[in-house]
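Bear in mind these aren't lab numbers, they're just calculated from the coordinates by the rules spelled out. On a predicted model such as this, the values are computed, not experimentally measured, just so you know. Methodologically, a virtual Cβ is constructed for each residue, glycine included, from the backbone with ideal geometry; neighbour enumeration extends over all protein chains shown.
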Amino acid sequence: MKKIILAIILFVIFFLLFMNINKETIVFNTPKQKISLVEKNKDDKTPIKAPIKLIKKEHLIIVEKDESIDIIDKEVYSEIFTELPIEDVSSVIAIKKGITPILAFSMKEGILKNLSIGDKFDLPEINGDVYTLVIDTKINNPNGSVSLSAKLDNEDSKYFSVITEGHSSSFITIQSPEGIYEMESFNGKGYVYSSREIKNKWIDYSKKDYIISGEK
């Protein structure tokens, strides 16, 4: 009899302790295959929903609580470049010999260096088209310059850009659906050129680009 009474007392103590500690309740809604996780605090009767993730391994479903994830909004820069009259810039920076720039521009220096992966920025309007670049990679070079690669927003991955900004100069190559363009600037001012025009002007396709052994 004493053993029965002792067992009842121990059961009551265990039950009261169990009811007072924090507990997690996992609810499985099998018809819709949904799983929810609810935490209740002993002092607060309000359900608190916790983020969950499902891991399916063979026939076993494991429910794990995710750590909170901070989502950082990436910057979008739309006013880095300002178009200028070509004659205003040509008095300061020489134009490539024999090449007519598509446009001249000024830019806010140092911004390209401070871009992060995922940031977006708009190029100046080129032949009626405005391109938005999304930074893919970033390399800080030993000489203090920064090299970036970017893709054209909302375009196929074959369209991309390579960007370098140094202490006082910057170079941007853009491969777009409309063609390849080159942007060069010095001390915050520069030009946009057509890569095709540069090649047509500077490369003599009538000459051989190979040497036959023994030929002088």
Working out 0.36 nm times the residue gap between Lys108 and Glu178, then minus their Cα-Cα distance, what length gain in nm do you get to one decimal? 22.6 nm
Based on the Cβ-Cβ distance from Leu84 to Thr137, what FRET efficiency comes out when R0 is 25 Å, to the nearest 0.05? 0.25
How far is it, in nm, from the label point at Glu75 to the one at Asp153 when both lie 7 Å from their Cα along the line to the Cβ? 1.5 nm
Looking at the square roots a ≥ b ≥ c of the eigenvalues of the Cα gyration tensor of the range 77-190, which shape do they give, rounded for a/c under 1.5, prolate if a/b is larger than b/c, or oblate? oblate
Could you work out how much longer the chain between Ile95 and Lys201 gets when fully extended? Use 0.36 nm per residue separation minus the Cα distance between them, nm to one decimal. 36.8 nm
For the range 137-186, which trypsin sites (Lys or Arg not before Pro) are in a loop by DSSP, counting at most 15 other Cβ atoms within 10 Å? Lys158
Which pairs in the list Lys120/Lys189; Lys96/Lys151; Lys113/Lys189 are over 18 Å apart, alpha-carbon to alpha-carbon? Lys120/Lys189; Lys96/Lys151
